[in-house]
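Just below is one structure, and these are the notes that go with it.
The values are calculated or read from the model by the stated rules, or taken from the named source; none is laboratory data. Only a predicted model underlies this, so the values are computations on that prediction, with no experimental measurement involved. Quick reminder, even Gly has a Cβ in these numbers, built from the backbone with ideal geometry, and neighbours come from all protein chains shown.
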Amino acid sequence: MVGTLRWAWNQLTSMRTALLLLMLLAVAAVPGSIFPQRSVDSGAVDRYLDEHPKISPALDALGFFEVYSSPWFAAIYLLLFTSLVGCILPRSKTYWKGWRQQPPRVPRRLTHLPGHLGGSAAEVGVDELADAAEALGHRRRYRVRTGDDAPDGTREVSLETGMLRELGNLVFHISLVGVLLSVAAGYLFGWRGEVMLVEGETFTSSNGRYDTLNAGPWVDTKDLPDFTLAVDEVRVRFETDPDAGKGQFGQPRGFEVDARFDAGDGLREELLQVNDPLTVGSARIHLLGNGYAPQVSYRDAAGTLLFQGASPFLVQDNNYASSGAVKVSAAGADEQIGLAGLFLPTQKVDAQRGPHSTFPGLADPALFMTAWKGNLFPGGRPQSVFTLETKEMEQIQGEDGTPVRIMLRPGETFDLPDGSGQVAFEDVRRFAGLSVREDPGQVPALVFSMIGLAGLVLSLAVRRRRYFLRVVPAGEGGSRWEIAGLAKGHDPTLDDGVARLEHDLRERLGLTTGGETAGEKENS
């Protein structure tokens, strides 16, 4: 049993397993970019469930709509963390011991090593040549081993370079652990809230005011930063030049919001722009999206105003055709009115496509709606503001028995049949989508990523090499030497490195003549 556990631990903490888990984590994250996530847009998840009733229950059971908090993703994440730590600790210990030790002794047979060269010099002694090799190694910042002298006067010098290669490798893997810890910190201590603000509305930050609020397990939502944000005007510009280029007509060219902001230090005017967030405490307010909010009013048969307001509609395509709903709950418990609508900023109706928009700007706005009567909130369950739950509602029909179809332009009204009231399309306002988020792991993740990139470059650029030199006496005051190299891993330039080292050594001793290298002398 102990042997099995030891084998399993060795397999888990091997570098091959760590790389496989890292690849598996990347693959496991793919569904999070394909399928809508509840933590990002719960309304999109609801729409996907309605549009794909056959496959969506299975996907939901597997956690594909909550990938990053699913048990299987967490299991891969924790296994990767354990594997990396298990790899790093023993390798760090080995690296530390290797750094403190001297380079190995010169092997007995240098001719068996790659890059072997030899030479002799009648005017240079053994000590002078060995001392020159040591000095050259120190100048190149190599690790030098000396003192392996033989009784016959032979001297040996070992040089080692490239220890930073292993250091870069360790730094890279340690940075991966840092990134994992940063992501975990962001999940545990981070939070994100989203809100849609129509022009003229004011938002005060509090737990119940966000349209969606997703907080980490260790976040107390009572401690969210206090601020007030009022949206005065939402400005969006689109390309109006038909000759701007293929696919450019109607593309967004500008998006900004005039707002008044108060974070406890006094009310001030702010201009919100994309990629230029406001900062409040340790959180940031990002400008995400925009759309249209038709202002609709409803009066009952007696002419009493029961509803008047701008309802944000969800953009469906690049021409800002938007779908949404108007819910009049004040009409009575059993006679509540619901209007399911399609807003077109530049409307066009044809036999092939039906109602659609041809331009995202407000060139010819129109609102198409169907009317329903009954219980808006069956079971009291919460629902998306963009959709109408019609399970306990009946569609209002005209005198001919067909469903009522409403088409209104701004300023027009429509009388519902059977005294069901009157609907008016008063105006069109814009809304801005805001995201307020705090992610304490974002900056550390960036720092660790940059450190990891530097470590990776270091491990790929630096070559781990050892050079061995043996100098033996030859004649009266002369010497003969052998020099060879040894690389860790594949190194196609090792022979050049050995030749360069000998060339520099000859040059230091004044032995270089006519640019002839030792290898060329030996071959001649």
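Cβ-Cβ distances below 9 Å connect the following pairs, each with a first residue in the stretch 101-121 that is within 22 Å of G489 (Cβ to Cβ), a second residue that is of a type in the set (D, E) and assigned to a loop (DSSP other than H, G, I, E, B), and a separation of six or more residues or different chains: R105/D148; V106/D148; P114/D491. Scanning the stretch 128-154 for residues that are of a type in the set (D, E), more than 18 Å from Q102 (Cβ to Cβ) and in contact with a Ser or Thr (Cβ under 9 Å, 6 or more places away or on another chain) yields a single hit, E128. Might you let me know whether the stretch 200-218 holds any residue that is among the polar types (S, T, N, Q), at pLDDT 90 or above and surrounded by fewer than 16 Cβ atoms within 10 Å (Cβ to Cβ)? Yes, there is a match, as at least one residue in the stretch 200-218 is among the polar types (S, T, N, Q), at pLDDT 90 or above and surrounded by fewer than 16 Cβ atoms within 10 Å (Cβ to Cβ).
Here is a yes/no grid of residues against (1) farther than 19 Å from R299 by Cβ; (2) in contact with a strand residue (DSSP E or B) (Cβ under 7 Å, 6 or more places away or on another chain); (3) of a type in the set (A, V, I, L, M, F, W, C):
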site: Q316; (1), (2), (3): yes, yes, no
site: G324; (1), (2), (3): yes, yes, no
site: K348; (1), (2), (3): yes, yes, no
site: A351; (1), (2), (3): yes, no, yes
site: G354; (1), (2), (3): yes, no, no
site: M369; (1), (2), (3): no, yes, yes
site: W372; (1), (2), (3): no, yes, yes
site: Q395; (1), (2), (3): yes, yes, no
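Scanning the stretch 249-289 for residues that are at pLDDT below 90, among the aliphatic types (A, V, I, L, M) and over 18 Å from V195 (Cβ atoms) gives no hits.
Being surrounded by 12 or more Cβ atoms within 10 Å (Cβ to Cβ), part of a loop (DSSP other than H, G, I, E, B) and in contact with a strand residue (DSSP E or B) (Cβ under 7 Å, 6 or more places away or on another chain) is the requirement here; does V257 meet it? No: the conditions fail for V257. Taking the listed residues A44, A26, the one that is closer than 30 Å to F386 by Cα, small (G, A, S) and either touching a His at 6+ places or on another chain (Cβ under 9 Å) or not assigned by TED's automatic domain parsing to the domain that holds D211 (or both) is A44, with no other qualifying. Taking P440 as the residue in question, decide whether it is under 30 Å from E256 (Cβ atoms), touching a helix residue (DSSP H, G or I) at 6+ places or on another chain (Cβ under 7 Å) and in a loop (DSSP other than H, G, I, E, B). The answer is yes for P440. Contact map, the stretch 412-430: first residue over 22 Å from G200 (Cβ atoms), second residue among the hydroxyl-bearing types (S, T, Y), Cβ cut-off under 8 Å, separation 6 or more or different chains; pairs are G421/Y298; Q422/Y298; Q422/T413. With the requirement that a residue be small (G, A, S) and touching a residue at least 40 places away in the same chain (Cβ under 8 Å), what does the stretch 189-224 give you? Once the filter is applied, which keeps residues that are small (G, A, S) and touching a residue at least 40 places away in the same chain (Cβ under 8 Å), the stretch 189-224 yields G190, G193, G200, S205. Within the stretch 329-354, being outside any helix (DSSP H, G or I), in contact (Cβ under 8 Å) with a residue 24 or more places away in the chain and surrounded by 17 or more Cβ atoms within 10 Å (Cβ to Cβ) holds for Q336, I337, G338, L339, A340, G341, L342, F343, L344, P345, T346.
Once the stretch 122-136 is narrowed to residues that are touching a residue at least 60 places away in the same chain (Cβ under 8 Å) and buried (at least 16 other Cβ atoms within 10 Å of the Cβ), the residue that is farthest from R155 (Cα to Cα) is L136. Criterion applied to D265, D300, D317 was being under 28 Å from the mean Cα position of the chain (by Cα) and charged (D, E, K, R), and the one residue passing it is D317. Is one or more of the residues making up the stretch 79-96 within 30 Å of I174 (Cα to Cα), assigned to a loop (DSSP other than H, G, I, E, B) and in contact with a Ser or Thr (Cβ under 6 Å, 6 or more places away or on another chain)? The answer is no; no qualifying residue exists.
Of the residues making up the stretch 364-380, one or more are under 25 Å from R430 (Cα atoms) and either assigned to a loop (DSSP other than H, G, I, E, B) or outside the structural domain of G324 (by TED's automatic domain parsing) (or both). Of everything in the stretch 488-513 that is among the hydrophobic types (A, V, I, L, M, F, W, C) and outside any loop (DSSP other than H, G, I, E, B), the residue that is modelled with the lowest pLDDT is L509.
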